[in-house]
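**Student:** Please read through the structure below; I'll follow up with questions.
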C-alpha cells in the first residue's frame, strides 16, 4: 500500500478519486471518450482517466525549454507542465498496471511553433521509455504540426492528427496518421438539443463515412456537449466523442446498451366496450392491479414499445396518487402497500400496522365480513412487501417467517406467487390445496387454493418466465367467479420495480408490457361480467425514469435514470367499470381503500 500513497503524494490526487478509477477501468464502449482541453479539469488526467476516457487532450506551449500545459503563452502557470500533469501520472498508471491494458491516446495539441516544440517533446519522452514503448498508448500530435511530408521522419511512437478531408494525400506518411479530426461547426450549427435537421444529418453522416473510408478513426471537435449529442454521435459512428465532461459522457455512453431496449414481446391491445364504464351500477367484484414502481414514464415506455398503445391506455378514468409515507418524503413498498390495502398511511417498512404499530384491517379482512372472497397474485415472493400488505401484520418487511405465518390466519382464498421456501413450516399452508399447474386454478373446486411460481424469486419475462401473470390472472378470476360470491383480487406486476432499481430498461419495459397482458384479462372480464370494477395503479415510482429518445417503428426505447431507488413522484391511477370516474383527480394513496369501500357501500372500519 505504501507505493500507492507515494503516487498520490506525487500527483496530489485524492485517494477517493483513484479508488473510483479502479472501479471503472476496463469498461470499454463502442465509442472512445475524448477529454477535450483536459488540462482545464479540476484534476487533470486522473479525472478523465478514472472516469473512463480513452483519449485525453492537452495543449502545450514551449517556453524557455519547458513544455507547459496551456492554450496560450499568457495563460502559463508555473509547474503545470505536460510532464507533471500527464507523463508522470501516466508512468504511475503503467507501474501499477492500471488502465493501460486497453488502447489509450494522449492527444498533444501544439500551440507554439511546431517543429521546435515537437523536438522538445521527443527529448522529454526519452525519460519515459515505458510510455514510448507501450503498445496500448498512442501519442498523437495535433494543432500546429510539421509538414505532412516529414511525418515519417519522426519516431515510430509519434503519430499525427489529420484535419483536411478535402486534401487526403496518398503518401507514405499516411501510416503516421492516428485519426482524422474536423470542426463540427463547419458542418452544422446544431446545439445538441432536439435533433439534427435532416439536411445536417446527411452532411454529418457523409463526412463520417468519408473519413471511415480511409480506414482511420474519426473525431469532431467543437461539438455540442449534451447527452443528446453524445448519443447522436455514438449512433453515427464517431470514434472519439469530444467532451468537457469525460466521466459523465463515459457513464452515459457506456450505459446506452443497458438503457436501450428494442421490444420483441407484445401485449395484444383489447378495446373495451365501455358499456358499464363510469356508470352508476352496483359493483360486485373489484380487481386491483399494482405495477410495482410503475410510474408515468414506465407506462409511457411500455406504451411506445408496444407500438404506441396498451390496453391500459384505452381507459378513460385517470388520476394521480401521492405516495409519501408518514416518516419519509419517499415511500417504500411496505408503507405504500399498507396505505393501499388498509387506507392508513404508515411508516416505511411497516406491513399492515399503523404508526403506533397496531394492526389495521386490510381489504380482504374487511370484505370477508360482507361475504367477499379474496385472492392475491404476484410475480414477487408472496412474502414481498406489497402482497404481504394484503394479508399480514408485522413491524418490518424483513420479518419473512412471521409474514409467512400470517397467511394461515388471512382471508385469502387464493394465492399465486414465488417464494415457496419462505413457507418452510408447511402447517401454514394446511388450509390450501396447492396446485402444480396454473391452468388447474380455473377449474379447481376447492375452497382455498395456492400455486407457487418458484421456490425462491420468480424469473423475469426476459429470463423465460413466459405469459404466466396473465394466465394466473385469467384463471384466478375464473376460480373466484365460480364461487358465485363477490370477490376482491389484487394482482401485482412486481418486476417493473426490480429492473428500475437496476436501471435496466429492457427488463423494465418488458415487465410493463407483460403487466398490461394481465390488465387485459381483467378488463375483458369486467366487460363480460358488467359488474366488476378494475383499478390499476402503482405503489410508487422507481428509478426517476425519463425517455429521452426512441424509435416508434422499431419499438425501441432509450431510458435514462436519476436514481437506483424510489422517488416521491406521483403515480397514475386508472379505473374501468361502474363508478370508475370516482378515481379521477389527485389524492393520497390511502384514499383508494376508502373509495373502494364507498363504491361497495361498505362502511370503513
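**Student:** Any idea what % of Cα-Cα pairs in region 124-275 are farther than 25 Å?
**Tutor:** That tail contains 46 percent of the Cα-Cα pairs.
**Student:** Please report the relative contact order for region 2-257, taking Cα pairs under 8 Å with a sequence separation of at least 6, and give it as a percent rounded to a whole number.
**Tutor:** In percent, rounded to a whole number, it is 20.
**Student:** Semi-axes of the equivalent ellipsoid of region 133-208: what are they in whole Å, largest first, if each equals the square root of 5 times a C-alpha gyration tensor eigenvalue?
**Tutor:** 30, 14, 10
**Student:** May I pose another question? Please give the direction-averaged projected area of the C-alpha convex hull for region 2-257, in square nanometres with one decimal.
**Tutor:** 13.9
**Student:** Which FRET efficiency, nearest 0.05, do residue 568 and residue 402 yield, Cβ-Cβ r, R0 30 Å?
**Tutor:** After rounding, the FRET efficiency stands at 0.55.
**Student:** Taking 0.36 nm per intervening residue step and subtracting the Cα-Cα distance, what contour gain separates residue 603 from residue 370 on full extension?
**Tutor:** 82.8 nm
**Student:** Then there is this: What's the FRET efficiency of residue 257 with residue 588 using the Cβ-Cβ distance as r and R₀ = 51 Å, to the nearest 0.05?
**Tutor:** Efficiency for this residue pair is about 0.85.
**Student:** By per-residue mean of other Cβ atoms within 10 Å, what is the highest-first order of 378-390, 241-253, 303-315?
**Tutor:** 378-390, 241-253, 303-315
**Student:** How large is the direction-averaged shadow of the alpha-carbon convex hull of region 249-379, in nm²?
**Tutor:** 11.9
**Student:** When ranked by the protection proxy of mean other Cβ atoms within 10 Å per residue, highest first, what sequence do the peptides 460-469, 182-191 form?
**Tutor:** Descending packing order for the listed peptides: 460-469, 182-191.
**Student:** Stick to Cα atoms and the Kirkwood definition of Rh, then tell me Rg/Rh for the chain.
**Tutor:** 1.12
**Student:** Still on this model: Looking at region 281-599, send over the antiparallel percent of its DSSP beta bridges, to the nearest 5.
**Tutor:** Here the share of antiparallel DSSP bridges comes out near 35 percent.
**Student:** Ok, one more. Based on the Cα coordinates of region 243-323, what is the per residue volume of their convex hull in Å³?
**Tutor:** 170
**Student:** What is the gain in length, in nm to one decimal, between residue 355 and residue 136 on full extension, counting 0.36 nm per residue of separation less the C-alpha to C-alpha distance?
**Tutor:** Working it through step by step, the gained length comes to 72.8 nm.
**Student:** Would you give the gap between the C-alpha center of region 84-127 and the C-alpha center of region 152-166, rounded to a whole Å?
**Tutor:** 16
**Student:** What number, rounded to the nearest 500 deg cm²/dmol, is the helix-based mean residue ellipticity at 222 nm of the chain, given -39500 (n - 2.57) per DSSP H run of at least four residues and division by all its residues?
**Tutor:** Mean residue ellipticity at 222 nm (helix-derived): -9000 deg cm²/dmol.
**Student:** If you don't mind, there's one more thing I want to ask. Taking every DSSP beta bridge with both residues inside the chain, roughly what % is antiparallel (nearest 5)?
**Tutor:** Counting only bridges with both partners in the chain, antiparallel ones make up about 30 percent.
**Student:** Give the angle, between 0 and 90 degrees and rounded to the nearest 10, that separates the Cα long axis of helix 2-11 from the longest principal axis of the Cα atoms of the chain.
**Tutor:** 70
**Student:** Quick check: Cα centre of region 456-512 to Cα centre of region 350-410, how many Å?
**Tutor:** Comparing the Cα centres of region 456-512 and region 350-410, I get a distance of 18 Å.
**Student:** For the chain, take the longest principal axis of its alpha carbons; what is the angle in degrees between that and the long axis of helix 198-213, to the nearest 10 within 0 to 90?
**Tutor:** So the helix axis and the longest Cα principal axis differ by about 60 degrees.
**Student:** Once you have the alpha carbon radius of gyration of region 395-472, what is it after dividing by 2.2 N^0.38 Å, with N set to its residue count?
**Tutor:** 1.14
**Student:** Quick one: which of 335-348, 473-486 comes out on top by average Cβ neighbours within 10 Å, and what's the full order, highest first?
**Tutor:** Order by mean packing, descending: 335-348, 473-486.
**Student:** Another question, if that's okay. Want the number for residue 189 to residue 467: 0.36 nm per residue separation, take away the alpha-carbon distance, what's left?
**Tutor:** 95.2 nm
**Student:** Ok, one more. For region 281-599, state the semi-axes of the equivalent ellipsoid (square roots of 5 times the eigenvalues of the alpha-carbon gyration tensor), sorted largest first and rounded to whole angstrom.
**Tutor:** For region 281-599, the semi-axes come out at 27, 22, 21 Å.
Throughout, read-outs are computed from the coordinates displayed, never taken from laboratory work. What you see is a predicted model, and the numbers here were worked out from it, not measured in a lab. As a convention, Cβ positions derive from the backbone with ideal geometry for all residues, glycine included, and neighbour counts pool all protein chains shown.
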